[in-house]
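Here is the structure we will look at, set down as structure tokens.
The values are calculated or read from the model by the stated rules, or taken from the named source; none is laboratory data. This one's a predicted model, so the numbers in the text were calculated from it and none came from an experiment. Note that each Cβ is placed from the backbone with ideal geometry, even for glycine, and that neighbours are counted across all protein chains shown.
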Amino acid sequence: MNVLFVTSEISPYASTGGLADVGAALPTALLELGEDIWRVMPMYRKVLEGAYPVSDTGIRIQVPVGLRTLEAEVWKSDADGPATYFIRKDEFFDRSQLYSLPERDYDDNFERFVFFQKAVVGLIDHLDTPVDIVHANDWQTALIPYFLTFGMQGIGRENREHVVFTIHNMAYQGVFEDSEFPYSNLPYSCFSVEELEFYGKLNCMKGAINRADQITTVSERYAEEILRPEFGCGLEGVLADARDKLTGIVNGVDYEVWDPQQDPLIAAPFSASRLEGKQVCKQALLERMGLSHSPSDPISKRPLIGMVSRLVDQKGMDLLVESMDRMMEEPITVVILGSGQEEYQRVCRNWAEQWPDRFAVYIGYNNELAHQIEAAADLFLMPSQFEPCGLNQLYSLRYGTVPIVHAVGGLDDTIEHIDPVLKTGNGFKFHEYTQTALIHAFQDALRLHQDQPAWRETQKRIMQQDYSWHSSARAYQQLYQRVLKAT
């Protein structure tokens, strides 16, 4: 099969989180399974400033956006692996952030990503290479089925491709004012309750759910959850109508990137059979973050809690605000890496001032530091309100860092509560989204940590679990095959 993977971010070129990791790992795994796969993403400032070589193909595509016609430059990566193309238009993508500033989204996001998606369709036509499957991801690519059908001008196109659409997070649907619809150049019949219209506004994700041949989410549990009002974010009825084409496939981990035995970003290598390097990583992180341990409080006795997350409500920051004072009554150290809502960034800075020797925060994203936190921490905290899949809990397992998670979505699919007697499980789960439930799971984890032989045994057990992309990529490959056989 010839597969085009379209996404708004790919690691290491530009990333805000898990979507970029999937954009890096899944196409690579599918390539290894023998599929002919290539990728397209926007050319952000971060791509230009990055350390990874890209070159101008010389291809230029004229893209109508409403009443304007704009030129898209097409660049290409010279790296090994799946061929990766970049759509360049500095007016839209030469910005400090991918989608938003800390206080608001970019005002022209609909126009930006209409341009990107049309340029992708223009690139398919320019290269004149038959594409069997276009795999689109999240709202930034959700109009791809429309542009493949109606073309860039909205007057029709020979539609020979099939579309698989993956929902990475229902909370971000690409909802815009109806006044922006003309940027799409689509027929006005597309702005209807059966298509894109959503309570008088334009909903990109709704359109993809209606138009795609198959829809996937990033865990089996999340595929069930989004059919309910508390997780469907208003589209649960639309999803229920599309239930026959909805599948949950849990994300995997790229162990070429996330492996403590060969991770160049951490202070010392380690493995399940040789854990000594993890203590070296712990000491190195504490020193980097300006945190100290007194001689009477040995490093092995004080648990280090790590968190790498967007600092937003979805990731459980409201629950963490309720719980932090109680957690810090215990002899723990906390390191948080992330950015997000200004109120939570401010709260984290306040915590660092309140407990300067035991709490540190880095506001922003730093890939090297993310690896170092995974390698150094004893426990990894993911108290998300909802979590479509989650990847950090899987990274944590590989690094012998025991997750504490809210039992939702992919967190519930991948984490089994530890039973220290039966010596089963790989983390600690709490089911009610309350301070009491979180603290109870947290205290269970601290009790296990106090029993160092049992703790080491747990670390060794979870490090040997396999969440590689192979089985997930195979599931996508089989899904693609079913789409083609159905036609």
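Can you pull out the residues in region 414-435 that are touching a Phe, Trp or Tyr at 6+ places or on another chain (Cβ under 9 Å) and surrounded by fewer than 20 Cβ atoms within 10 Å (Cβ to Cβ)? Talk me through it step by step, then tell me what you get.
As a first pass, look at region 414-435 and keep what is touching a Phe, Trp or Tyr at 6+ places or on another chain (Cβ under 9 Å): 414-415, 417-418, 427-428, 430.
Selection gives HIS417 alone.
Just to verify a result, which residue in region 61-93, among those that are surrounded by fewer than 13 Cβ atoms within 10 Å (Cβ to Cβ) and of a type in the set (D, E, K, R), is farthest from the chain's Cα centre (by Cα)? Even if it seems obvious, please write down each step before you answer.
Start the filter on region 61-93 by keeping residues that are surrounded by fewer than 13 Cβ atoms within 10 Å (Cβ to Cβ), which leaves 62, 67-69, 71, 78, 80, 90-91.
Of the ones still in play, those that are also of a type in the set (D, E, K, R) are 68, 71, 78, 80, 90-91.
On the way: ARG68: 33, GLU71: 30, ASP78: 24, ASP80: 23, ASP90: 25, GLU91: 26 Å.
This residue is ARG68.
Tell me whether region 167-185 contains one or more residues that are surrounded by fewer than 22 Cβ atoms within 10 Å (Cβ to Cβ), β-branched (Val, Ile, Thr) and assigned to a loop (DSSP other than H, G, I, E, B).
No, that holds for no residue.
Considering only residues that are over 15 Å from TRP469 (Cβ atoms) and either at pLDDT below 95 or in a loop (DSSP other than H, G, I, E, B) (or both), which ones fall in region 1-22?
Passing the criteria: MET1, THR7, SER8, GLU9, PRO12, TYR13, ALA14, SER15, THR16, GLY17.
Quick test for you: out of GLN140, GLN214, GLN153, GLN173, pick the one residue that is touching a residue at least 12 places away in the same chain (Cβ under 8 Å) and more than 18 Å from PHE110 (Cα to Cα). Reasoning before the result, please.
Numbers: GLN140 fails: more than 18 Å from PHE110 (Cα to Cα); GLN153 fails: more than 18 Å from PHE110 (Cα to Cα); GLN173 fails: more than 18 Å from PHE110 (Cα to Cα).
GLN214 is the lone residue from the list that is touching a residue at least 12 places away in the same chain (Cβ under 8 Å) and more than 18 Å from PHE110 (Cα to Cα).
Anything in region 214-248 that is small (Gly, Ala, Ser) and in a helix (DSSP H, G or I)? List them, or say none. Show your work before the answer.
Taking region 214-248 as the starting set, the residues that turn out to be small (Gly, Ala, Ser) are 219, 223, 232, 234, 237, 240, 242, 248.
Matches in region 214-248: ALA223, GLY232, GLY237, ALA240.
If I ask for residues that are farther than 23 Å from ALA20 by Cα and among the β-branched types (Val, Ile, Thr), which ones from region 150-193 would you list? It would help to see each step written out before you state the result.
Initial filter on region 150-193 (farther than 23 Å from ALA20 by Cα): 150-161, 176-193.
If the condition is that a residue be farther than 23 Å from ALA20 by Cα and among the β-branched types (Val, Ile, Thr), then ILE155, VAL193 are the ones that fit.
Among LEU479, LEU438, LEU446, which is of a type in the set (A, V, I, L, M, F, W, C), crowded, with 16+ Cβ neighbours inside 10 Å, within 23 Å of the chain's Cα centre (by Cα) and assigned to a helix (DSSP H, G or I)?
LEU479
From the list SER309, SER323, which residue is among the polar types (S, T, N, Q), in the same structural domain as GLN452 (by TED's automatic domain parsing), within 23 Å of ALA437 (Cβ to Cβ) and touching a strand residue (DSSP E or B) at 6+ places or on another chain (Cβ under 7 Å)? First the steps, then the outcome.
On the way: SER323 fails: touching a strand residue (DSSP E or B) at 6+ places or on another chain (Cβ under 7 Å).
It is SER309.
State yes or no: is ALA51 assigned to a loop (DSSP other than H, G, I, E, B) and modelled with pLDDT under 95? Let's see the steps before the verdict.
Numbers: assigned to a loop (DSSP other than H, G, I, E, B): yes; modelled with pLDDT under 95: yes.
Yes, satisfied.
Table: residues versus (1) over 28 Å from ILE363 (Cβ atoms); (2) in contact with a strand residue (DSSP E or B) (Cβ under 8 Å, 6 or more places away or on another chain).
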position	(1), (2)
SER15	no, no
ALA24	no, yes
TYR44	no, yes
ILE61	yes, yes
LEU101	no, no
